[in-house]
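Asks: Quick one: structure below, then a few questions.
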């Protein structure tokens with residue numbers, strides 16, 4: 001069972017690496033939401049956080065601040081696929097889970113994902129607080145019931 005904690009940049013690079021290069025719609029807004037869903041769902045499945053970076057509740061939904069700053073130069077345009085990313089730096093079981101997350105959530109536009117997160121308790125609760133950080137336990141409480149017990153077992157045990 002993998003228990004490695006990654007950097008958010010590695011998870012973002014994974015999503016960018018699987019995007020269709022001829023139809024890449026992964027903007028800064030969209031990569032933020034994909035990483036949020038990955039952190040919530042994978043942490044609920046793994047029992048430990050997927051990546052170490054914090055997530056904050058900003059006006060347009062959950063944001064990993066250091067990723068935002070890394071990609072802000074692209075504005076609302078697509079983020080290019082990283083040239084030096086090696087997917088094998090992510091455990092095979094984690095890659096499988098991330099691919100499932102990308103297949104489901106990647107079909108939605110950045111704005112649709114933004115609107116979805118605005119209906120979810122982790123963002124709603126954190127947005128009310130002064131520090132705005134979306135706490136890991138809030139993600140696990142919210143996403144845990146959405147993760148099939150058999151999916152947890154087949155991937156991580």
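Laboratory data are not the source of any read-out in this text; all were calculated from the coordinates shown. Quantities reported herein were computed from a predicted structural model and do not represent experimental measurements. When we count neighbours, we look across all protein chains shown, and the Cβ atoms used for this are built from the backbone with ideal geometry, even at glycine.
Asks: If I ask for residues that are in contact with a strand residue (DSSP E or B) (Cβ under 7 Å, 6 or more places away or on another chain) and assigned to a helix (DSSP H, G or I), which ones from region 100-121 would you list? Steps first, answer last, please.
Replies: To start, the set of residues in region 100-121 that are in contact with a strand residue (DSSP E or B) (Cβ under 7 Å, 6 or more places away or on another chain) comprises 114, 117-118.
Hits for region 100-121 are 114, 117.
Asks: Do we find a residue being on the phi > 0 side of the Ramachandran plot, buried (at least 19 other Cβ atoms within 10 Å of the Cβ) and out of contact with any strand residue (DSSP E or B) (no Cβ under 7 Å at 6 or more places or on another chain) anywhere in region 22-38?
Replies: Looking for residues that are on the phi > 0 side of the Ramachandran plot, buried (at least 19 other Cβ atoms within 10 Å of the Cβ) and out of contact with any strand residue (DSSP E or B) (no Cβ under 7 Å at 6 or more places or on another chain), one finds none in region 22-38, hence no.
Asks: So which of 142, 85 ends up being surrounded by 14 or more Cβ atoms within 10 Å (Cβ to Cβ) and not in a helix (DSSP H, G or I)?
Replies: 85
Asks: Let me confirm something: among 94, 59, 131, 100, which residue is over 18 Å from residue 9 (Cα atoms) and within 13 Å of the chain's Cα centre (by Cα)?
Replies: Exactly one residue qualifies, and that residue is 100.
Asks: Still on this structure, I have one more. Could you give every pair whose Cβ atoms fall below 8 Å, whose first residue belongs to region 131-150 and is free of Cβ contacts under 8 Å to residues at least 40 places away in the same chain, and whose second residue is buried (at least 18 other Cβ atoms within 10 Å of the Cβ) and assigned to a strand (DSSP E or B), counting only separations of at least 6 or pairs across chains?
Replies: From region 131-150, no pairs qualify.
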